[in-house]
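One structure coming up, written as structure tokens, with questions to follow.
The values are calculated or read from the model by the stated rules, or taken from the named source; none is laboratory data. Owing to the predicted nature of the structure, the values given are computational and were not obtained by experimental measurement. Positions of Cβ are generated from backbone atoms using ideal geometry, with glycine treated the same way; all protein chains shown enter the neighbour counts. When the accessible area is computed, the model is the full protein with side chains, heavy atoms only, and any ligands, DNA or RNA have been set aside. Shrake-Rupley method; radii C 1.70, N 1.55, O 1.52, S 1.80 Å.
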Amino acid sequence: MTKWHVIPGGQYMGSFLRRIHYLLHWRRISAELENDMEFHREMAARAGRNNFGNMLHLREQANEAWGWTWLDRLAQDLRYAVRILQRAPGFTLMAVLVLAIGIGVNAAAFSLFDMVALKPLPVPEADRIVRLERSSPGNYTSEMAYPSFLFYGEHARTLSTTMAVLGVPPMQIDDDLEPSTASFVTANYFTELGTRAAFGRMLDPNKDDTPNAPPVVVLSFGLWQRRFGSDPNVIGQVIRLNKKPATVVGVAPFALVTLGGQYPDVWMPIVQQPYFVEHSSILKDWDNSTVHMWARLAPGMSAKTAEEELRALTGEIRRQHPTAVWDGEYIQSSAGGHMQVMQPRMYQVAAMVGALTLLILIVCCANLGGLMLARAVTRQHEFEIRVAIGAGRGRILRQLCTESILLAALGASAGLALACAVIRVVLAKTDAPKWLSAWPDGRVLLFTAGMTFVTTLLLGLLPGLQVVRQRQHKMLARQMLVGAQVAASSLLLIIAALLLRATEHALFTDPGFGYEQLVSIDPQLSHHAYTAAAARAYLDQMQSGLRGVPGVTSVSLVKMPPLGHVVSNSGVVIDGRPVTLYPNWVAPGFFATMGIPLRMGRTFYAGEKHAVIVSESFAQQQWPAKNPLGQFLGEGATKDIVVGVAGDAHINALSDDDAAEQYWPAQTEDMPDMVVIARSGGEPGSLAPAVKAISEELDPSALPEIRQIKVLYRQNVTQIELLATIVSCIGLVAVSLAAVGIIGLVAFVVTQRTKEIAIRIALGARPGAVLVAVLRQFRWPVIVGLAAGVGFAVLASKLLRAVLYGVSNLDPASYAAAIATLAVVVAFAMILPAARTLRMDLARILHYE
């Protein structure tokens, strides 16, 4: 048979050329080969030799000499797999649906993470953009002083350019009732990002980078549509921002790209900030951290090299301006060319969501494993016939691999379509940047392919491998699959129940202060260069004016307004447990205005020093079984005596379950940073006109930021609601999949024992006893699965403690509700297929068997 290695015509070719020739002419060569083998078989039969051998086996051996047999076998396996799956449309549809859900949920979660943290911004050389932030052993801030920004930009040789963004309170355009969000940026900001205006031009460093340049403003595309009716003639018009005239020079593009994910309504050059905000000195103040800094690394420079140079420059700033730098301060860098600079807490949330979606995939894999195990067992007769006619077990296993890969490809395609649909809805329902696309990129496709491959081969094919090897522990595999589904589903349900309870608590539980009628009024006096004495005089007159407004029942001052964007906290350890403390500086009438009851002691006296009022929870933790009044906080000369204990109030963060609040009396030096809070007897939004009138009379240049606390409260609760909704949907999907998988497994087991069930009932056994006997084998898998799920939930829920407002991570009601729900679902999933079999006609069953 060595003649078959010679190409017809007699010319010998090399191994590579021979294989290429075969690949191009495989049909003709295969036909010639088959004719030659048939001729030799007939010649052997005429000679009386009937031991020519298995024709199919010999043909495969001959074809292997050409080197492309695997391709032919793959095509055969694919065609056979398609026919097998077409013969069982119900199984195929269920398997594809299960895989689509598992892969789609994970692909959608990874796509969102990819958009936020991995996908570079569509700007020139995004990989060289870094964000620079201040840090020290005890402090951190994402902002720095503008003079420090200029110093780093002028002296850092590792940076080719620097950019700064200064966020400011909303600004009033002309006579609009609703203020517009605004941002000051360096004039090179849009140039470095390669932004081209939709109309007009963007900020130009050659024209707009000097304080004496004509004041200009760039409108966002959304503001241009809403307020100016998409009028292209707006370019060149003069508008008034905070009553200061400025010329509109451009409209930003619809799909605008920004650093830090901020999209205000208007942009102005940062050097013109003193023009728009009178008496402001923040561009000259070394001690006031107000700007966010980005930079582009110089060619060939790394972020680490830049950090080392910036550390040396920070030392020089400390030498020139000692109060402007913390002890041990250094500048840390992070990748800035992404939509969001990921902080450690954000990575924790991403890891939690990733773990939850992975649990969905585990449930899907267990579900798919049960389906494939049941199907492989029913095909045992087919496998035995194929082995008998010459197929090896490796060939059968390869065929099962092909079927699994085909199913995985179908499931992955459907999953990607599902992920794209989910991402499209998320982008449409949120204020996502317009340049984002729901279509998956290379990372998402690679992630999906890897997840599909591992899922299919390691989990989907294992039951089939068990059948091919003819092991006798099939029931153990089924029980393990049931246990895995129950464990994963119980974990997801418990977490969902905890979050739902937290949402319910946040919605219907008083946070400790009366937020419904509260309004905060921030005049931003420190930005207008008010001295402490001038700020006190302004605030006194503002409070006096507000007390004369009809409907205002109480007015006071606070440094950290309720649920505001400015929050100060510190960490301490009490009885071995970390506790987050929230300090605040308040005026004497603060507690009455906020509606926070005093449990013990008194409020502050006017002008009082070295006194502190603590929350009830903090007092119980710090001084258990002691009277907190008269106790001291602090050390040495800074000791403060506790004069009162206030009720627990989640002023700074609703998710702060410890409610460890501390209040100090505000001093004169705190006045430029103080915020006015007012309580209204009616609708708090009606106070805005009166506040604006009083502010206009006191200082026309100081336009206060007015915020309703109930709106801020709702925004905080919405975040918890969103997370709870996502996890609840994940839990619902997991339970549904688990129910379907268990129903399929139990139905298969019952079908396999139909004859036994019929005989038992025919001999007089009660149907209920037979049902119990059939389902008894799943008793321990369910119990062990529930126990494992609860154990994992206890560990996982500790990570959720930050968002479990008012609910313990060991909340018994949540655990009981989740376990009871899953137990009912599992019970119905097991009983329904078994009860259906018991209702069948016994004579027909026995006759069929």
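Using the heavy atoms of the protein chains alone and a 1.4 angstrom probe, what is the accessible area of region 518-712 per residue in square angstrom? Kindly include the intermediate steps, with their values, before the conclusion.
Numbers: 8100 Å² over 195 residues.
Value for region 518-712: 42 Å² per residue.
What do you reckon, how do Trp294, Trp780 stack up by accessible area (1.4 Å probe), largest on top?
Numbers: Trp294 10, Trp780 150 Å².
Greatest to least solvent exposure: Trp780, Trp294.
Let me check the size of region 126-338 from its C-alpha atoms; what are the radius of gyration and Dmax in Å?
17.8, 54
Determine, from the Cβ-Cβ distance of Asp174 and Leu150 and an R0 of 51 Å, the FRET efficiency 1/(1 + (r/R0)^6), rounded to the nearest 0.05.
Values: r = 33 Å, r/R0 = 0.64.
Given R0 = 51 Å and the Cβ-Cβ separation, E is 0.95.
Now for a different question. Give, in nm to one decimal, the length gained when the segment between Phe453 and Ser437 is fully stretched (0.36 nm per residue of separation minus the Cα-Cα distance). Before the final figure, lay out each step's value.
Numbers: separation 16, 0.36 × 16 = 5.76 nm, distance 2.58 nm.
So the extension gain works out to 3.2 nm.
Counting only protein heavy atoms and a 1.4 Å probe, tell me what percentage of region 518-712's accessible area is made up of carbon and sulfur. Provide the component values of the computation, followed by the final result.
Working: 4310 of 8100 Å².
Roughly 53 percent of what the probe reaches on region 518-712 is carbon or sulfur.
May I pose another question? With a 1.4 Å probe and every protein chain left in place, tell me how much accessible area Ser413 has, in Å² to the nearest 10.
Ignoring ligands and nucleic acids, Ser413 comes out at about 80 Å².
Further, regarding this structure: Which cross-chain or sequence-distant (5 or more) residues have an amide H under 5 Å from the amide H of Thr161, H modelled 1.01 Å from N in plane?
Here Arg296 satisfy the definition.
Ignoring ligands, DNA and RNA, what accessible area per residue does region 246-349 give at 1.4 Å, in Å²? Each step should come with its number before you reach the end.
Details: 4640 Å² over 104 residues.
Using a 1.4 Å probe on heavy atoms only, each residue of region 246-349 averages 45 Å².
Also, I was wondering about something else. How large is ³J(HN,Hα) for each residue in region 783-790, as worked out from phi by the Karplus curve 6.51 cos²θ - 1.76 cosθ + 1.60 (θ = phi - 60°), to whole Hz, x for Gly and Pro?
With coefficients 6.51, -1.76 and 1.60, one gets 5, 5, x, 4, 4, 5, x, 5 Hz.
Also, quick follow-up: If I ignore ligands, DNA and RNA and count only protein heavy atoms, how much of His610 is accessible to a 1.4 Å probe, in Å² to the nearest 10?
Approximately 110 Å² for this residue.
Still on this structure, please answer the following. For region 814-825, take each phi angle, set θ = phi - 60°, evaluate the Karplus expression 6.51 cos²θ - 1.76 cosθ + 1.60, and give the result in whole Hz per residue in order, putting x for glycine and proline.
5, 5, 5, 5, 5, 5, 5, 4, 5, 4, 5, 4
Next up: Mind listing which chymotrypsin sites (Phe, Trp or Tyr not before Pro) in region 583-635 are in a DSSP loop and have 14 or fewer other Cβ atoms within 10 Å?
Tyr605
I would also like to ask the following. For Glu42 and Ala255, compute 0.36 nm times the residue count separating them, minus their Cα-Cα distance, and round to one decimal in nm.
On the way: separation 213, 0.36 × 213 = 76.68 nm, distance 7.55 nm.
Fully extending the segment from Glu42 to Ala255 adds 69.1 nm.
I would also like to ask the following. Multiplying the sequence separation of Gln76 and Ala827 by 0.36 nm and subtracting their Cα-Cα distance, what value in nm do you get? Write out the running numbers ahead of the final one.
Numbers: separation 751, 0.36 × 751 = 270.36 nm, distance 4.31 nm.
Gain on extension, Gln76 to Ala827, equals 266.0 nm.
How much of Phe199 can a 1.4 Å solvent probe reach, expressed as accessible area in Å² and rounded to 10?
That residue has around 70 Å² of solvent-accessible surface.
Same structure, new question: Asp510 versus Val238, label points 7 Å from Cα toward the beta carbon: distance in nm?
5.5
Could you put Cys365, Cys729 in order of accessible surface area, largest first, with the 1.4 Å probe and the full protein assembly present?
On the way: Cys365 10, Cys729 75 Å².
The most accessible residue leads, giving Cys729, Cys365.
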